Structure formats: C-alpha cells, structure tokens
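Have a look at the structure below, then the notes.
The values are calculated or read from the model by the stated rules, or taken from the named source; none is laboratory data. What you see is a predicted model, and the numbers here were worked out from it, not measured in a lab. Virtual Cβ from ideal backbone geometry, glycine too; neighbours counted across all protein chains shown.
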Amino acid sequence: MMIQLGVDVVEELKLLLPSYYELIVPSIVINELTTLKKKAKGKDKIASNIALQLAQSDNFSIVNIEKTDHVDNLLLKYCTREDVLCTNDKNLRKRARKRGITVVYLRQHRFLETDGYIKHE
C-alpha cells in the first residue's frame with residue numbers, strides 16, 4: 001500500500017476505475033522519475049522516490065515505450081479515448097482532454113478527481 005499525503009492512490013484508483021482497467025506505467029515515466037530522484041532535492045526528491053516506488057510496485061505493469069519525443073507527447077500518442085491518463089501536470093491534462101482522453105488527478109492533495117468520462121460496462 002502506497003500512501004502519499006494521506007491518499008492511498010492505488011486503492012483510490014481501484015475504487016474509481018472499473019475492474020477491467022489495467023494500471024500501467026510507461027517505461028519513459030520510470031526513467032523520468034529515476035532521473036528526478038537523482039537530481040532533485042528536499043521534498044521533490046522524496047516525492048519522486050515515493051512515485052518511483054509506487055510505479056515499480058506489483059500494482060502496476062510497466063509498458064516499454066521508446067523515448068523518441070518529449071514524454072508528454074509520447075503519453076498522448078500512447079493513450080486512446082478508451083484509456084484514463086493519471087497526471088497532475090496541468091498542461092498535459094489540458095492537452096489530453098482536447099484529445100478526448102479522460103484524466104484522473106490528485107485534487108487538493110486529498111482525493112482523486114476525474115476530468116472526462118469513465119466507461120462502465
């Protein structure tokens with residue numbers, strides 16, 4: 001169980017998303033978090049370390065994506081309208097929504113918020 005700021009992100013995602021959704025982390029995100037962990041200081045270093053531990057946990061599958069472009073662009077190319085993108089990056093959220101991709105983000109450091117539609121079968 002990974003808890004940050006009092007929010008168990010994995011459990012909240014499992015409650016929010018239907019069971020047929022698979023939780024994945026692209027390899028480019030793992031690489032970005034690894035770099036952040038090495039270069040960041042203070043709270044950013046702690047946050048990147050926690051995020052890396054969470055991303056590498058058994059709750060997520062890692063999908064290999066070659067870094068041929070900026071990470072945000074690759075994430076948008078990878079995601080379809082059937083996917084849900086989890087990010088707190090405001091610019092990436094806006095770009096995803098313009099493409100019809102549902103976004104989940106942490107709001108007020110307390111709960112997950114959905115921007116878009118999650119299909120329940």
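Details
- In region 87-107, residue modelled with the lowest pLDDT [restricted to those that are surrounded by fewer than 16 Cβ atoms within 10 Å (Cβ to Cβ) and within 18 Å of Val9 (Cα to Cα)]: Arg107
- Region 52-76 residues that are on the phi > 0 side of the Ramachandran plot, paired with ones that are loosely packed, with under 12 Cβ neighbours inside 10 Å and at pLDDT below 90 (beta carbon under 8 Å, 6 or more apart): none
- Looking only at residues in region 28-60 that are of a type in the set (Lys, Arg) and at pLDDT below 90, the one that is farthest from Leu76 (Cα to Cα) is Lys43.
- Selection of region 91-114 for residues being farther than 15 Å from Leu76 by Cβ and either part of a strand (DSSP E or B) or touching a Gly at 6+ places or on another chain (Cβ under 9 Å) (or both) yields Val104, Tyr105, Leu106, Arg107, His109, Arg110, Phe111, Leu112, Glu113, Thr114.
- With respect to the conditions (1) crowded, with 17+ Cβ neighbours inside 10 Å; (2) at pLDDT 90 or above; (3) touching a strand residue (DSSP E or B) at 6+ places or on another chain (Cβ under 9 Å), Asp115 lacks only one, and its number is (1).
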